[in-house]
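Below is one structure; the comments refer to it alone.
The values are calculated or read from the model by the stated rules, or taken from the named source; none is laboratory data. Everything quoted here is computed from the prediction, not taken from an experiment. No Cβ is skipped: glycine too gets one built from the backbone with ideal geometry, and neighbour counts run over all protein chains shown.
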Amino acid sequence: MAAVALLLYNLLMGQTMGTLTCPSGKSNPLQFHLVRQCQRASADDALALENTSSLEECVSLAHDMRALALNYAPGGPKRRLNLYDQRTFGKESQKQQHLRSRLSVFEQPGEFFNCHVLQCPQNNTFSGMVNDSRFDYYSLYGRPTVIRNYSCLPEVGLFVVYTQPSTYLNASLTCSNSSEFTGSLAHIASEHRTSFLAQWLMEFNRKSQPRKSNVFLAYVGLVYNRSTSLSPLDFRNSQQESLQCFLYRAWDAGHPRLGQELTNASCVALTPQGTWQTLKCERELPFICEIHTARSTSGWEHSDSELDTGPNAVFECGND
């Protein structure tokens, strides 16, 4: 109840001082872009394996599962059928029934499922791709970014951690002006994102050598700005969406600092314990960039704007 009351107070404060622009729940969902034809990514760690009646149905499932990529077998005269599709043209054989009753069904997703919902997209080497004329591969990110040292957080997104300390302004500019990817400081205004990124920092610290490179605070995309914020608790992310638009909070004890302290400590950093702290923006800290998804285009199911034609791409689907 206290959280709800605080949210209502914040919204009322915003209405008296200006108008909030909040993300709409009815906004268009993120778009899956065709990246490789006649190939599929490994489905060993798939979020779901299903048989769907259309690409749109597979995409809808991927959105529900927070997937970042998918394989889909469209069928058609130029595409070889898998065992599941073959049984629709006649009575399923005893051999096929036997195969479908065993674990091998899930060990051979290409044979039995036309929709593979994937946790993460392929990296720029496409090392996890398999030539398979039945399938096409789609990703929210389009063609992989050229940067090599990014991390995929399943069901969340792609991120880059910079351990070289920087002020908040320089960190923001590094993320938004990168020549290797389109991005911004990481969005954290949800429990899912905060907890996953905090776990990632803990894992990063566990693996980092030497230990002096551990990250105990990292700038993220949340800041109070006296010229644009509508109230003392109106922190904004990199897309200028107000924290007042979101229910989730993860402030550490004693944070956010308010009053004169807020003016002097208005930038936000994430801890590996999953809490947020307000700090002086001139303080130099590591920071987390979030790689943005590829831009949406009209007629996405037919668009080849993100189609990759690099090494090992297949240019024509043979009925092999």
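Quick notes
- Selection of the stretch 152-176 for residues being under 25 Å from Thr125 (Cα atoms), modelled with pLDDT under 95 and surrounded by fewer than 17 Cβ atoms within 10 Å (Cβ to Cβ) yields Pro154, Glu155, Thr163.
- In the stretch 107-120, residue farthest from Cys317 (Cα to Cα) [restricted to those that are surrounded by 17 or more Cβ atoms within 10 Å (Cβ to Cβ) and out of contact with any strand residue (DSSP E or B) (no Cβ under 7 Å at 6 or more places or on another chain)]: Gln119
- Members of the stretch 58-72 found to be aliphatic (A, V, I, L, M), buried (at least 24 other Cβ atoms within 10 Å of the Cβ) and part of a helix (DSSP H, G or I), listed by number: Ala62
- Scanning the stretch 135-178 for residues that are within 30 Å of Gln108 (Cα to Cα) and in a strand (DSSP E or B) turns up Phe135, Asp136, Tyr137, Tyr138, Ser139, Ser151, Cys152, Leu153, Gly157, Leu158.
- Members of the stretch 121-138 found to be polar (S, T, N, Q) and crowded, with 17+ Cβ neighbours inside 10 Å, listed by number: Gln122, Ser133
- Filter pass, Leu230 being in contact with a Gly (Cβ under 7 Å, 6 or more places away or on another chain), closer than 26 Å to Thr145 by Cβ and in the same structural domain as Val160 (by TED's automatic domain parsing): no
- Matching residues, the stretch 209-228, being in contact with a Ser or Thr (Cβ under 8 Å, 6 or more places away or on another chain) and polar (S, T, N, Q): Ser213, Asn214, Asn225
- Neighbours by Cβ (under 7 Å, 6+ apart or cross-chain): first from the stretch 172-183, without any contact (Cβ under 8 Å) to a residue 60 or more places away in the chain; second of a type in the set (A, V, I, L, M, F, W, C) and surrounded by fewer than 16 Cβ atoms within 10 Å (Cβ to Cβ): Glu180/Val146
- Selection within the stretch 213-266: residues that are in a helix (DSSP H, G or I) and at pLDDT below 85. The member of this set that is surrounded by the fewest Cβ atoms within 10 Å (Cβ to Cβ) is Gln260.
- Qualifying residue in the stretch 16-28 (condition: loosely packed, with under 15 Cβ neighbours inside 10 Å, at pLDDT 75 or above, touching a helix residue (DSSP H, G or I) at 6+ places or on another chain (Cβ under 7 Å) and not assigned by TED's automatic domain parsing to the domain that holds Cys152): yes
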